[in-house]
Amino acid sequence: LEQTYRATGVVAPAFEAKVAAQVDGVVRDVLVEVGARVVKDQPLAALDDRVLRADLEQAEAALARSEDERQRVALLAERRLTDAKREQAAIAQHRIDQATVSKLQTLLSLTTFPSPIARIVTTRLVQPGDHIQAGTHMFTIADVSRLRVFAKVPEQVALRINKGVVAAVEVEGIGQTRWRATVQRVYPTSDPISHQTIVELD
């Protein structure tokens, strides 16, 4: 016998990844639309990086100068024409300039936003020209080939449902399509007012 229950709930992707900004900036390009299929590491958007590129060019020039100075002072030190303090200062400055270049290269790499997985773009929250801050949610990439159903059912019904039970799920409003689903878990607590329990199906 097949028992049928009508329930309210949510249908969600089985897996999704959110792409957030890691640096502040102005969005220069948005390269995908909602519904687009993307591959792993495909660029989704890019920030305006002109200032960072100029800063990096300047830092690389400073690094080149400090490298020349470090080598020149090292040669003088070999000939005992300078003291250890000057040699240490030249080495320290060279390391500082190396760190500055490395930092700017890292920041520059964070101005593009690659897709972390090969799936479907389900959310796009930015437009070209938007000023965003680090942590801003920009895209959601989801695997829609598998879905999770979170259904609210009465307590007395939930007590008769066990993990691993195979079910057929129909969603009102999108026709008579039936999906094969498996109960993943029955939540251990119920809503104290509605006396409903969430049943999660894959």
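The values are calculated or read from the model by the stated rules, or taken from the named source; none is laboratory data. All values reported here derive from a predicted model rather than from experimental measurement. Cβ coordinates were reconstructed from backbone atoms using ideal geometry, including for glycine residues, and neighbour counts include every protein chain displayed. Accessible surface areas use protein heavy atoms only, side chains included; no ligands, DNA or RNA. Shrake-Rupley method; radii C 1.70, N 1.55, O 1.52, S 1.80 Å.
Residues in region 17-74 that are modelled with pLDDT of 95 or more, open to solvent by 40 Å² or more (accessible area, probe 1.4 Å) and among the small types (G, A, S): A20, A54, A61, A64. Of the listed requirements (1) in contact (Cβ under 8 Å) with a residue 40 or more places away in the chain; (2) part of a loop (DSSP other than H, G, I, E, B); (3) of a type outside the set (G, A, S), L81 misses just one: (1). Within region 13-21, is there a residue that is over 13 Å from I120 (Cβ atoms) and either hydroxyl-bearing (S, T, Y) or not in a strand (DSSP E or B) (or both)? Yes: region 13-21 contains one or more residues that are over 13 Å from I120 (Cβ atoms) and either hydroxyl-bearing (S, T, Y) or not in a strand (DSSP E or B) (or both).
Condition first: in a strand (DSSP E or B), over 13 Å from G9 (Cα atoms) and open to solvent by less than 50 Å² (accessible area, probe 1.4 Å). Can you find one or more residues in region 146-167 that meet it? Looking through region 146-167, at least one residue is in a strand (DSSP E or B), over 13 Å from G9 (Cα atoms) and open to solvent by less than 50 Å² (accessible area, probe 1.4 Å).
One residue stands out in region 75-102 among those that are among the acidic types (D, E) and farther than 30 Å from V23 by Cα: the one that is most open to solvent (accessible area, probe 1.4 Å), namely E78. Contact map, region 181-194: residues that are under 22 Å from V171 (Cβ atoms) and modelled with pLDDT of 90 or more paired with residues that are among the hydrophobic types (A, V, I, L, M, F, W, C) and not in a strand (DSSP E or B), Cβ distance under 7 Å, separation 6+ or inter-chain. Pairs shown: V183/I161; V183/V165; V186/A158; V186/I161. Considering region 103-113, the residues that are open to solvent by 60 Å² or more (accessible area, probe 1.4 Å) and out of contact with any strand residue (DSSP E or B) (no Cβ under 6 Å at 6 or more places or on another chain) include one that is farthest from V39 (Cα to Cα), namely K103.
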